[in-house]
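The values are calculated or read from the model by the stated rules, or taken from the named source; none is laboratory data. Computed from a prediction, not measured in an experiment: that's the story for all the values here. Every residue, glycine as well, gets a Cβ built from its backbone with ideal geometry; the counts of neighbours run over all protein chains shown. The protein model used for the area step is the full one, side chains on, heavy atoms only, and it has no ligands, DNA or RNA in it. Shrake-Rupley method; radii C 1.70, N 1.55, O 1.52, S 1.80 Å.
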Amino acid sequence: TTDAIATQEVDIVYSNDDEYNRDPTRLFLPDVAIPNGTESSGKGVGLVVLLHGRCMDGNSIHQLIDLKKYVDTSEFILAVPEGHRQNFWCSTCSRSDGILNTRYGCRTWAATEACCANAGPLRTTVVQEAWEPYDDVTHIYQLIAAVKSQYGIDPTRVFVVGFENGGFMAHRMACEHPEILSGIISISGSSFLNVSECDALNTSSDSVAANGFVNVLQISGSLDRVPSVNGGNFEGVQIPSIKTVAERWAVRNGCDTEESVIVDGALNLRTKLFAGTPDTSSETWTNGTCQEGTVVENWVINLMNTDNAVANSFTDDFATALVNWMSNHTKPSATEDSSDENNVAVQSGPPSSDSDNDASFGDVAIIDTSTALDGRSFEACPSDFLQCEDGSFTSRELPSCSFFCNGEIVNTDGVFCVSSDCCGASKTICAETSACKDVVCKEDEKEESSPSASFST
């Protein structure tokens, strides 16, 4: 049997508007991860932030891309944050419990005007205050800073991996904060159509600091529709082709864009009848000319629609290939401002409710952990959701764990989940709710009987 993986939760709490607070981020910790402040600082480990797709969550993304099993052998911390829960359903999102997730609101990342935190499906807008109602760039930046504040992280091995909407968000992080990233992997994602909206791409390679170059891997299917290999549009908003995006990063990394290396049948990533048959071509921009040894790659999986991928769509080699790619493309010249070490940087947070300027952001107030090694405890309410009369969704709020609709307490214990929802397909949604507090699923009984990993102080 597989050894249990130690886990921890990190919560980012905003001071000015509880509406923008998120569910805690789950960390999966390798055995070699040693907390900062201990007698031995230990060996610096890598950090991989895994971002789910639209109307998915941190549990369902593991069904597609299981990176957990590599945290010990490849020595990295895996952080799996939860997107902000939107108050709309997404009937087109059928992957990995997607429809079940949308019963309670659709989790999204505010990545670009095309994807995916606008007012709802097919309600596109190019007005940034509308397509970016909350600041996910800062949220993920703060998450990375929070993990660095607790563990010895190797700054040459910090990656963001995203699927679909998460792939868009991975590109956005590279646009805004290339200095903290070794690379990104975008699966079924894309970036801004207008290159001027990506800050990093507006800097010539000659003026980029040594730690500002980013390795980029894009993975698409030849049958992808949204986004397609050739670009097109995502719910009415134009997006660039994956080759256009790759060439932009190649230019930014100082690569020779006149030539790229194309290899047909380079990998075997799609589950199919003839399991051992290669199905993925690769195109690589490097040729030894890229700054700081960086690389930009496109992988295209033949006869696959990656944006409709479900559990078992990818081969076992898929996650292995991602981990190997990250291991082979670190950032050799990573240097960071010493003021950032072991501290949580104060960056922009969500809009203040009393601000006259919708574009202004408040400060992040607290970083707390549910299993913190200093003995602190994480206070939380059951993850129940209630639909108010106006159709919006609300969750229980601290400290009373009551429901509030339009600022008023709703005197009800009604929740969407009942005990029969606690296991099986709806487990992803209901496991943490009050209805499932004392329910043990059959599939969990074996795990309950196995020893679990724990922290020592």
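What number of residues within segment 148-171 satisfy the criterion of being part of a helix (DSSP H, G or I) and either in contact with a His (Cβ under 7 Å, 6 or more places away or on another chain) or at pLDDT 90 or above (or both)?
Taking segment 148-171 first, the residues part of a helix (DSSP H, G or I) are 148-150, 165-171.
Right, trim to either in contact with a His (Cβ under 7 Å, 6 or more places away or on another chain) or at pLDDT 90 or above (or both) and you get 165-171.
Qualifying residue count, segment 148-171: 7.
Quick one: would you say Ala266 is buried (at least 21 other Cβ atoms within 10 Å of the Cβ) and of a type in the set (Gly, Ala, Ser)? It is false that Ala266 is buried (at least 21 other Cβ atoms within 10 Å of the Cβ) and of a type in the set (Gly, Ala, Ser). Here is a check on your reading of the model: is Val45 at pLDDT 65 or above and over 23 Å from Lys331 (Cα atoms)? Against the criterion (at pLDDT 65 or above and over 23 Å from Lys331 (Cα atoms)), Val45 does not qualify. It is to be established whether one or more residues within segment 156-179 are of a type in the set (Ser, Thr, Tyr), buried (at least 21 other Cβ atoms within 10 Å of the Cβ) and in contact (Cβ under 8 Å) with a residue 40 or more places away in the chain. Looking for residues that are of a type in the set (Ser, Thr, Tyr), buried (at least 21 other Cβ atoms within 10 Å of the Cβ) and in contact (Cβ under 8 Å) with a residue 40 or more places away in the chain, one finds none in segment 156-179, hence no.
Right, Ala246: in a helix (DSSP H, G or I) and either more than 22 Å from Gly166 (Cβ to Cβ) or at pLDDT below 90 (or both) or not? Break it down into steps so the answer makes sense when it comes.
Working: in a helix (DSSP H, G or I): yes; either more than 22 Å from Gly166 (Cβ to Cβ) or at pLDDT below 90 (or both): no.
No; evaluated as a whole, the condition is false for this residue.
Of note, Ser241 does not satisfy the criterion of being within 27 Å of the chain's Cα centre (by Cα) and closer than 26 Å to Arg157 by Cα.
When you scan segment 205-217, do you find a residue that is within 22 Å of Gln142 (Cβ to Cβ), buried (at least 24 other Cβ atoms within 10 Å of the Cβ), of a type in the set (S, T, N, Q) and at pLDDT below 95, even just one? No; the residues of segment 205-217 include none that is within 22 Å of Gln142 (Cβ to Cβ), buried (at least 24 other Cβ atoms within 10 Å of the Cβ), of a type in the set (S, T, N, Q) and at pLDDT below 95.
May I ask you to verify whether Phe192 is open to solvent by less than 10 Å² (accessible area, probe 1.4 Å) and over 30 Å from Pro35 (Cβ atoms)? I'd like the intermediate steps shown before the answer.
Details: open to solvent by less than 10 Å² (accessible area, probe 1.4 Å): yes; over 30 Å from Pro35 (Cβ atoms): yes.
Taking the combined requirement at face value, the residue satisfies it.
Number of residues in segment 269-308 that are of a type in the set (A, V, I, L, M) and open to solvent by 60 Å² or more (accessible area, probe 1.4 Å): the value is 3.
I'm checking my understanding of the structure. Among residues of segment 405-424 that are under 29 Å from the mean Cα position of the chain (by Cα) and at pLDDT 75 or above, which one is surrounded by the fewest Cβ atoms within 10 Å (Cβ to Cβ)? So the residue we want is Cys423.
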